[in-house]
Every structure is written in C-alpha cells, then in structure tokens.
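The values are calculated or read from the model by the stated rules, or taken from the named source; none is laboratory data. Nothing here was measured: the structure is a model prediction, and the numbers come from that model. Note that we place each Cβ from the backbone using ideal geometry, even for glycine, and neighbour counts take in every protein chain shown. Remember, those area values only see protein heavy atoms, side chains included, never the ligands or the DNA or RNA. Shrake-Rupley method; radii C 1.70, N 1.55, O 1.52, S 1.80 Å.
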Amino acid sequence: SDDVDPRTRLFGFQHSLGIVTGNNGMGPELDLALIYSPTTSDNSFHLGTGILIGIPMYDKNNYLLSLSSGESYKVKEHGGKPEIQQVRLKTFTFTKTDEDNYRIIEQNGNITDLRDYGDGLCRPVTLCSPLGRTLTLTWTSSNYGRILSSVSDDSNEVLFQSEHDNDRVEITFLPGHT
C-alpha cells in the first residue's frame with residue numbers, strides 16, 4: 001500500500017515481499033515487507049535510504065521499539081526493566097532477558113527474541129509460535145552493519161536468503177526449490 005500522509009504531505013509505502021511459513025506450513029509466519037519512510041535516513045538493510053524491512057526491532061540508543069505491525073513505541077528502561085510508553089491497548093509484553101537480549105510476547109502467543117550484536121539495534125533471532133515451532137533469523141555483518149542473510153525453520157530448511165554486495169541485493173524465497 002502507498003499513501004500520502006495528509007498531515008505532513010509526505011509519501012510512504014509498504015510492500016509485502018512474501019510470507020515465510022516454516023515447519024511444513026505449521027508456522028510460525030514471518031511477513032517480510034519493505035517499508036519506506038521519508039522521515040528516516042536509515043539504510044541498515046542495504047536497500048536504500050529510508051527503506052526498512054517490517055520486522056520487530058528495538059533501538060536501544062533511541063529507546064524505540066518497532067513491531068512487525070508497523071507500530072512504534074518509546075521505551076523507558078528502569079533498572080534493566082523496559083517500560084512501554086503511550087500504549088493504548090496492551091497487546092504484547094516486552095521484557096529484557098539479559099544485557100543483550102529482549103523478548104516480545106504477543107497476545108496471540110507468538111514470541112520474538114531480539115539480540116543486540118553490539119551496535120545498539122536489537123534484531124529478531126527467533127520467532128516461536130504458540131505450538132513451540134520456531135523460525136531462526138541469521139544476521140551477517142556487512143559494510144552497512146548487520147543484514148538479514150537467512151531464515152530457516154526447525155528442520156534447518158532455508159526459507160529465505162539474501163545476498164548483498166556493493167551495488168545490489170538479491171533476495172530468494174525457498175532457495176534450492178523450483
């Protein structure tokens with residue numbers, strides 16, 4: 001979907017690349033979407049300035065939690081315990097499991113574990129369904145920071161893969177399948 005915000009007159013868009021479903025359709029699901037926001041100068045995914053992948057992340061430097069739904073919340077950390085600011089309906093909990101790891105537990109039972117790789121940006125490393133099935137997200141280092149390089153399920157089947165070099169990004173769903 002694309003839209004011009006009537007308040008700011010800025011254009012933004014969200015485009016789904018596809019839904020990755022692991023474990024022979026048993027889940028969990030990961031909706032990979034490209035999101036463009038003209039208000040950010042971020043290029044942490046090597047996709048262009050202002051383009052993000054719509055996955056949950058926590059920016060410890062700016063105390064900002066972004067959910068896969070597109071919602072963003074300011075966070076206050078008191079003695080290591082994060083507290084979400086200005087949440088109207090509590091549809092998730094956000095906890096700190098140790099110095100570098102956080103957890104999002106959604107009302108539907110889905111669990112997302114986030115890890116800080118040393119740059120203050122906590123990225124998802126596992127998604128767990130209420131049935132206990134998981135997706136593992138692998139991040140690799142690049143000139144642009146950490147990038148999502150693959151998503152695999154409990155059977156170690158690679159469901160998503162991306163390759164980056166200096167001037168291109170190649171994204172493949174179900175590599176090795178025809």
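For the reader, a short list of remarks on this structure follows.
- Calculated P(r) of region 90-132 - Cα pairs past 12 Å, %: 57
- GNM result for the chain, Cα springs below 10 Å: residue of Arg103, Arg88, Arg123 fluctuating most strongly: Arg88
- Extension gain, Asp167 back to Lys76 (0.36 nm per residue minus Cα-Cα distance, nm): 29.0 nm
- Cα-based shape type of region 29-75, given that a ≥ b ≥ c are square roots of the gyration tensor eigenvalues and the cut on a/c is 1.5: oblate
- Partners of Lys76 within straight-line reach, counting aspartates and glutamates whose Cα lies under 14 Å from its Cα and excluding those fewer than 8 residues away in the same chain: Asp59.
- Residues of region 42-169: accessible area per residue with a 1.4 Å probe, Å²: 53
- Normalised by the number of residues in region 20-163, the mean separation of alpha-carbon contacts (under 8 Å, six or more apart) gives a relative contact order of 19 percent.
- Among (1) 14.5; (2) 11.5; (3) 10.9, the entry that matches mean projected area of the Cα convex hull in nm² as calculated here: (2)
- Relative intensity, log₁₀ I(q)/I(0), of region 91-178 from a Debye sum that treats every alpha carbon as a point, q = 0.20 Å⁻¹: -1.02
- Segment Arg7-Thr138, length gained on full extension (0.36 nm per residue, minus Cα span): 43.4 nm
- Sequence-distant contacts, meaning Cα pairs under 8 Å at least 6 residues apart, place the relative contact order of region 22-103 at 14 percent.
- Rounded to whole Hz, the Karplus (6.51, -1.76, 1.60) HN-Hα couplings of region 162-169, x for glycine and proline: 10, 10, 10, 9, 5, 10, 8, 10
- Taking chymotrypsin sites (Phe, Trp or Tyr not before Pro) as exposed when their DSSP state is a loop state and no more than 16 other Cβ atoms lie within 10 Å, the longest site-free interval of the chain runs over 1-62.
- The accessible area of His15, taken with all protein chains in place and a 1.4 Å probe, comes to roughly 100 Å².
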